[in-house]
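See below for the structure under consideration.
Every number here is computed from the coordinates shown, using simple stated rules; none is lab data. Predicted, not measured: the structure shown is a model, and the values here were computed from it. Reconstructed Cβ throughout: ideal geometry from the backbone, glycine too, with neighbour counts over all protein chains shown.
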Amino acid sequence: MASLVAAGSGDGFGMTGFGGAAHVIGVNAGPNGEFTDVAVAQALSKLDALGVRIVNLSLGGSWPSSPILVDAINKAATDGVLIVAASGNEGN
């Protein structure tokens with residue numbers, strides 16, 4: 001996803017993203033690729049506090065139902081963060 005958003009033109013890699021002067025911030029929300037709702041909520045809150053405007057949450061699993069994650073998503077959205085999430089990671 002990062003290359004689709006922020007690949008620079010003329011950098012010799014043969015691809016240009018649509019983000020213009022976008023910067024990519026990678027956040028590891030959990031060890032060994034096993035994200036907990038608490039870890040994802042903390043990462044989202046950190047990105048929100050940093051002033052990030054778009055967050056990609058390509059996570060597998062069911063609809064977020066824990067209050068801490070729902071609250072973090074709602075706060076970020078209220079603060080103007082566009083949250084993009086993949087669908088179909090679980091095949092349904």
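For the pair Val27/Phe13, report the inter-label distance in nm, with labels modelled 7 Å from Cα in the Cβ direction.
2.2
Want the number for Lys46 to Ala6: 0.36 nm per residue separation, take away the alpha-carbon distance, what's left?
Computed gain between Lys46 and Ala6 is 12.3 nm.
Show the residues, 5+ positions off or on another chain, whose built amide H is closer than 5 Å to the amide H of Leu57.
Distant-sequence amide H within range of Leu57: Val84, Ala85, Ala86.
Return the sequence-ordered ³J(HN,Hα) values of the stretch 39-48 in whole Hz as given by the Karplus equation 6.51 cos²θ - 1.76 cosθ + 1.60 applied to θ = phi - 60°, using x for Gly and Pro.
These are the phi-based 3J(HN,Hα) values: 5, 5, 4, 5, 5, 5, 5, 5, 5, 4 Hz.
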